[in-house]
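In what follows, a structure is listed as structure tokens, so that the remarks can point back to it.
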Amino acid sequence: MTSNGSDSTVENGRIEIEESDTSDDADPNERDRVRVWLVERTYSDDELNLIILVYATEDGRRYHRRERALTSFTGPARETKAGLAVAPGELGTVDDPETRERYAEEASRMAAEHDPDDTV
């Protein structure tokens, strides 16, 4: 079990909230979230000018993909975070063993070097 720098812990990729976080204003869906880390940032080569962000679990088996317009990367509201907590339904499966290994290595490196809220 590893700490993520708050009153919650991460075990097997799932975020577990401590009792102090279960107040009435706590997000009721937070218990179902899975921690993922930024593993890939690519630029589309078509006319859409998209940046594709891929986040993965530390074991590399699941991923979360986000697309942003290049023009939306200005200002603090669009900062790219080192880690996210996403719902399990927002995760895909990484089938390719080489990609899974690469994602696992990068996600583990990001988790060791950054807090989830760090801007990268």
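The values are calculated or read from the model by the stated rules, or taken from the named source; none is laboratory data. Predicted, not measured: the structure shown is a model, and the values here were computed from it. Reconstructed Cβ throughout: ideal geometry from the backbone, glycine too, with neighbour counts over all protein chains shown.
Here is a check on your reading of the model: is residue 102 modelled with pLDDT under 90, surrounded by 12 or more Cβ atoms within 10 Å (Cβ to Cβ) and not aliphatic (A, V, I, L, M)?
Taking the combined requirement at face value, the residue does not satisfy it.
May I ask you to list the residues in the range 69-99 that are at pLDDT below 85 and touching a helix residue (DSSP H, G or I) at 6+ places or on another chain (Cβ under 9 Å)?
72, 78, 79
What are the residues in the range 18-51 that are at pLDDT below 85, assigned to a loop (DSSP other than H, G, I, E, B) and surrounded by 11 or more Cβ atoms within 10 Å (Cβ to Cβ), if any?
Hits for the range 18-51 are 22, 26, 27, 44, 49.
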